[in-house]
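This report refers to the structure that appears directly beneath it.
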Amino acid sequence: MKLNQVTVSVTDYGAAVDFYTRLGLRQIVDAPPRYARFETPSGETFSIHLADEVGSSTTVYFEVEDVDAFVAALDLPLAEAPADQDWLWREARLADPSGNIVCIYHAGDNRRFPPWRIGD
């Protein structure tokens with residue numbers, strides 16, 4: 001099994017398309033006013049879908065090699081500046097125009113193989 005698609009609900013299609021494009025995703029499907037799909041430079045896909053309401057529980061994680069350099073190059077406001085976390089990841093956080101949390105992070109091998117991983 002391989003995760004290859006995440007879709008989040010948004011309340012403003014145009015603002016969401018602008019946000020995720022500025023974040024660095026390439027838009028590959030444009031079906032306004034309800035749906036857009038994007039891809040990362042390495043080919044994973046991500047999409048938005050217009051909804052009446054958005055809950056605040058969605059967090060989307062995009063891994064980059066250098067969190068500080070990546071967010072410094074963005075023209076988007078940060079909700080949380082880059083910081084090292086107890087779980088051995090470096091993270092920064094933004095909110096998209098609908099309130100979905102976007103975490104820009106670097107975990108490397110610690111994403112799948114943290115020191116506290118349960119043995120097989």
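The values are calculated or read from the model by the stated rules, or taken from the named source; none is laboratory data. These figures come from a predicted structure and were not determined experimentally. As a convention, Cβ positions derive from the backbone with ideal geometry for all residues, glycine included, and neighbour counts pool all protein chains shown.
Condition check: over 18 Å from residue 21 (Cβ atoms), touching a helix residue (DSSP H, G or I) at 6+ places or on another chain (Cβ under 8 Å) and free of Cβ contacts under 8 Å to residues at least 60 places away in the same chain. Does residue 92 satisfy that?
So residue 92 passes the test.
List every residue pair whose Cβ atoms lie under 6 Å apart, where the two residues are 6 or more positions apart in sequence or sit on different chains, the first residue falls within segment 36-49 and is touching a residue at least 40 places away in the same chain (Cβ under 8 Å) and buried (at least 16 other Cβ atoms within 10 Å of the Cβ), and the second residue, located anywhere, is assigned to a strand (DSSP E or B) and among the small types (Gly, Ala, Ser).
48/36
Among what's in segment 39-79 and is part of a loop (DSSP other than H, G, I, E, B), of a type in the set (A, V, I, L, M) and more than 14 Å from the chain's Cα centre (by Cα), pick the residue that is modelled with the highest pLDDT. Spell out how you get there, then give the answer.
Our first condition is that a residue be part of a loop (DSSP other than H, G, I, E, B); within segment 39-79, this holds for 40-44, 51-58, 64-66, 73-79.
Adding the requirement that they be of a type in the set (A, V, I, L, M) leaves 51, 54, 64, 73-74, 76, 78-79.
Then keep just the ones that are more than 14 Å from the chain's Cα centre (by Cα); that gives 51, 54, 73.
Working: 51: 83, 54: 57, 73: 96.
Top of the filtered list is 73.
If I filter segment 80-88 for residues that are touching a strand residue (DSSP E or B) at 6+ places or on another chain (Cβ under 6 Å) and at pLDDT below 95, do I get at least one hit?
yes
Of the residues 92, 83, 107, 73, which is farther than 25 Å from residue 11 by Cβ, surrounded by 17 or more Cβ atoms within 10 Å (Cβ to Cβ) and not aromatic (Phe, Trp, Tyr)? Before you say what the answer is, go through the steps one by one.
On the way: 92 fails: farther than 25 Å from residue 11 by Cβ; 83 fails: surrounded by 17 or more Cβ atoms within 10 Å (Cβ to Cβ); 73 fails: surrounded by 17 or more Cβ atoms within 10 Å (Cβ to Cβ).
Result of the check over 92, 83, 107, 73: 107.
Do we find that residue 15 is of a type outside the set (Asp, Glu), closer than 21 Å to residue 95 by Cβ and buried (at least 16 other Cβ atoms within 10 Å of the Cβ) in this structure?
Values: of a type outside the set (Asp, Glu): yes; closer than 21 Å to residue 95 by Cβ: yes; buried (at least 16 other Cβ atoms within 10 Å of the Cβ): no.
No; evaluated as a whole, the condition is false for this residue.
Run residue 98 past the list (1) over 15 Å from residue 7 (Cα atoms); (2) within 14 Å of the chain's Cα centre (by Cα); (3) in a loop (DSSP other than H, G, I, E, B) and report the number of the one that doesn't hold.
(1)
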